[in-house]
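Have a look at the structure below before the remarks.
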Amino acid sequence: MKSKGCSKVQNNKLNTYDWLCDIPEAKNATDYVEVQFKNTRKGYYLNSNKIPLEKGDIVAVESSPGHDIGTVTLTGRLVLLQMKKNNVRTEGVEVKRVYRKAKPSDLEKFEEAKAKEHETMIKSRKIAEDLGLQMKIGDVEYQGDGNKAIFYYIADERVDFRQLIKVLADAFKVRIEMKQIGARQEAGRIGGIGPCGRELCCSSWMTSFVSVATSAARYQDISMNPQKLAGQCAKLKCCINFEVDTYVEAQKGLPSRELNLETKDSTYYHFKTEVFKKQLTYSSDPNFAANLVTISASRAFEVLNMNKRGMKPQTLDADTKQQQPKKETKDILEESINRFDNSGNGEIGRAHV
């Protein structure tokens, strides 16, 4: 049976499967552990007291000030790989430590702090509005001992919240930390169902967000309708980026859309492309669909090469159409009812007699 450290935390998009957990050398490779808190906040702490920790343990860790309560999400050698991936430095900096496994008194104080988060968020929104700040406070996270609160906010422009911090500290009697998040992180925190019918990627598995450009939609011939391109965060959908590399690679074997094809009768302009079918459709008018002709990419290259040599084909698709032999069809009603009498099968002939 696999150890607790191998188990997968359900409904947790930040979970990392510890595929090295069954190797003793990997399990004891480091004293650092990965600890997760609310939202997408994670930290790496030194288990200097050699406390036997496994994935899923609730621990009290060093914070500034006081202590915080979090859940161990990774131990062993994989922690070092995650720290390297996230550019976490341990040399020349003060490393925070794991104090202990959380005691009942720690958990009780932690639950009391969590219970105040929603009410604090509502009041802080009213305070920010009264101060005339163009920002939205989307969430509040209390530290495990209740001595500090992190306010997550969204703002389109730079916000001077020095006065806000003073008012919040006076109102809630805690140390205040402001942390700005983007619209995509906010949508991921709230959650929802996308137009595909599945849970939003940002709330189910995505942890890092990269910018999405409209050029990614153009590469895939997606309609440039803003209402269809925008997600629930009012930004371009993250999924537009998922397949763009495949489209870019596939289009390397296609002719440029800027090139026109010349025939003896007309000039044809690019209308649309079926990237993975390697088919292109051309129109005889540059502004709207007229006399549409669909040809293969190889035929388009062939016509372009002819045009470069000063030659023009009769039509775009003339050389690609193969004359199929015409099959003779007979109407069964026009045939004689006695057509089976002359069959070569003797059994059938005798059956008619």
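So, in region 8-46, how many residues would count as being within 30 Å of ILE181 (Cβ to Cβ), in a loop (DSSP other than H, G, I, E, B) and either modelled with pLDDT under 70 or touching a strand residue (DSSP E or B) at 6+ places or on another chain (Cβ under 8 Å) (or both)? Let's see the steps before the verdict.
Taking region 8-46 as the starting set, the residues that turn out to be within 30 Å of ILE181 (Cβ to Cβ) are 8-18, 32-46.
In the following step, the residues that additionally are in a loop (DSSP other than H, G, I, E, B) were identified as 8-18, 37-41.
Still in the list and also either modelled with pLDDT under 70 or touching a strand residue (DSSP E or B) at 6+ places or on another chain (Cβ under 8 Å) (or both): 8-16, 18, 37-39, 41.
Residues that pass the stated criteria total 14.
Residue selection: LYS55 satisfies the criterion of being closer than 25 Å to MET206 by Cβ, buried (at least 20 other Cβ atoms within 10 Å of the Cβ), touching a residue at least 12 places away in the same chain (Cβ under 8 Å) and of a type in the set (Lys, Arg).
Could you check how many residues of region 190-204 are in a helix (DSSP H, G or I) and either among the aliphatic types (A, V, I, L, M) or touching a strand residue (DSSP E or B) at 6+ places or on another chain (Cβ under 6 Å) (or both)? Can you show your working first?
Step one: list which residues in region 190-204 are in a helix (DSSP H, G or I), which gives 190, 201-204.
So of that shortlist, the ones also either among the aliphatic types (A, V, I, L, M) or touching a strand residue (DSSP E or B) at 6+ places or on another chain (Cβ under 6 Å) (or both) come out as 190.
Qualifying residue count, region 190-204: 1.
Name the residue, out of LYS252, LYS264, that is surrounded by fewer than 15 Cβ atoms within 10 Å (Cβ to Cβ), part of a loop (DSSP other than H, G, I, E, B) and either of a type in the set (Lys, Arg) or modelled with pLDDT of 90 or more (or both). Break it down into steps so the answer makes sense when it comes.
On the way: LYS252 fails: part of a loop (DSSP other than H, G, I, E, B).
Among LYS252, LYS264, only LYS264 is surrounded by fewer than 15 Cβ atoms within 10 Å (Cβ to Cβ), part of a loop (DSSP other than H, G, I, E, B) and either of a type in the set (Lys, Arg) or modelled with pLDDT of 90 or more (or both).
Considering only residues of region 281-304 that are polar (S, T, N, Q) and at pLDDT 90 or above, which is surrounded by the fewest Cβ atoms within 10 Å (Cβ to Cβ)? That would be SER298. In summary, strands (runs of 3 or more DSSP E) completely within region 117-184 and bearing 2 or more residues that are crowded, with 19+ Cβ neighbours inside 10 Å and touching a residue at least 12 places away in the same chain (Cβ under 8 Å) occur at 136-142, 148-154. Number of residues in region 205-245 that are out of contact with any Phe, Trp or Tyr (no Cβ under 9 Å at 6 or more places or on another chain) and not in a loop (DSSP other than H, G, I, E, B) equals 14.
If a residue counts only when it is under 20 Å from GLU141 (Cα atoms) and hydrophobic (A, V, I, L, M, F, W, C), which strands (runs of 3 or more DSSP E) contained entirely in region 53-111 have at least 2 such residues? Full working, then the answer.
Details: elements: 58-62, 67-74, 98-101.
Strands (runs of 3 or more DSSP E) meeting the threshold: 58-62, 67-74.
Being under 17 Å from the mean Cα position of the chain (by Cα), assigned to a helix (DSSP H, G or I), surrounded by 16 or more Cβ atoms within 10 Å (Cβ to Cβ) and at pLDDT 90 or above is the requirement here; does ALA187 meet it? When the stated conditions are applied, ALA187 does not pass them.
Among residues of region 72-82 being touching a residue at least 60 places away in the same chain (Cβ under 8 Å) and touching a strand residue (DSSP E or B) at 6+ places or on another chain (Cβ under 8 Å), the one that is surrounded by the most Cβ atoms within 10 Å (Cβ to Cβ) is THR75.
The values are calculated or read from the model by the stated rules, or taken from the named source; none is laboratory data. Only a predicted model underlies this, so the values are computations on that prediction, with no experimental measurement involved. All Cβ positions, even for glycine, are placed from backbone atoms using ideal geometry, and neighbour counts span all protein chains on display.
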